[in-house]
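Asks: Would you mind keeping the following structure in view while I ask a few things?
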Amino acid sequence: MSSAALTHRLAARADLAEMTALMDLAIAELLKPYLDAAQIESSKTIMGLDTQLVEDGTYFVVEQGGAIAGCGGWSRRATLYGGDRSPGRDAALLDPNRDPARVRAMYTHPDYKRRGVGRLILSLCERAARAEGFVRAELVATMAGEPLYKACGYREIERFSDDRGGIAVPLLRMGKPL
Ligand SMILES: CC(C)(COP(=O)(O)OP(=O)(O)OC[C@H]1O[C@@H](n2cnc3c(N)ncnc32)[C@H](O)[C@@H]1OP(=O)(O)O)[C@@H](O)C(=O)NCCC(=O)NCCS
């Protein structure tokens, strides 16, 4: 791994393959302290890449020395979480005066964990959502994501589980004023 600084830019279609591989690795490795193998397998159905965010220009990559260290984004659309493969998506546009922006699909490559990649992406998302008039952000956290969001000021709204992947996976809805 290089010691170059972290840089960031909007994700492009050309990044899709590298981002998908990174997400698969992040789900497989970074959820291990929190979930058993069956729950991790189940997570793959309810998480992952949402190409709509890339199309919308609301998805970021953080790089170090030309390699993608992490990716994540926000959304002005109703879907609260999930990837292209997840059921129940809703592309309706949110109203910044009434609805919270969504923070979506945050993944750090395991080689770059705990180096501030997640924190950097979250701050980019919040700044961009604020610039579009949103005054609040909400997200659905995995157990791996919860410490990051707590550290960045998000507060618990409700705990629930999602069994659409076959086995129930614990999740947590969180929110923060922007
Ligand atoms: C969640 C995830 C994106 C965090 O990424 P990250 O780049 O390692 O996070 P950061 O380095 O920016 O962490 C910022 C702060 O969050 C907290 N934090 C992050 N990961 C933590 C962990 N595993 N344990 C305890 N605190 C943690 C710490 O306060 C940390 O600051 P510190 O390192 O200075 O103590 C990463 O773990 C991941 O990809 N997980 C698997 C996929 C996933 O579940 N994504 C979340 C979807 S909601």
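Asks: Give a residue-ordered list of calculated ³J(HN,Hα) values for the stretch 119-124 (Karplus: 6.51 cos²θ - 1.76 cosθ + 1.60, θ = phi - 60°; whole Hz; x for Gly, Pro).
Replies: 4, 5, 4, 4, 5, 5
Asks: Right, next: Which order do peptides 7-13, 81-87, 139-145 fall in by mean Cβ count within 10 Å, highest first?
Replies: Per-residue mean Cβ counts within 10 Å order the peptides as 139-145, 81-87, 7-13.
Asks: Something else now. If r is the Cβ-Cβ distance from ASP163 to VAL135 and R0 is 45 Å, what FRET efficiency results, to the nearest 0.05?
Replies: Result of the calculation: an efficiency of 0.85.
Asks: Would you work out the charge dipole size for the chain about its Cα centre, treating the Cβ of every Lys and Arg as +1 and the Cβ of every Asp and Glu as -1, and quote it to the nearest 20 debye?
Replies: 520 debye
Asks: Mind putting a number on the dipole of the stretch 82-178 about its Cα centre? Charges go on the C-beta only, +1 for Lys and Arg and -1 for Asp and Glu, and I need it in Debye to the nearest 20.
Replies: Dipole of the stretch 82-178, to the nearest 20 debye: 360 debye.
Asks: Collect residues whose amide H, placed 1.01 Å from N in the peptide plane, falls under 5 Å from the amide H of ILE157; neighbours closer than 5 in sequence don't count.
Replies: Long-range HN contacts for ILE157: ARG173, MET174, GLY175.
Asks: Here's something else I'd like to know. Considering every Cα-Cα pair within the chain, what fraction, in whole percent, is farther apart than 20 Å?
Replies: Considering the chain, 49 percent of its Cα-Cα pairs are separated by more than 20 Å.
Readers should treat all values here as calculations from the given coordinates under stated rules, not as data from a laboratory. Please read all numbers here as calculations on a predicted model, not as lab measurements. Here Cβ is always computed from backbone atoms with ideal geometry, including for glycine, and neighbour counts include all displayed protein chains.
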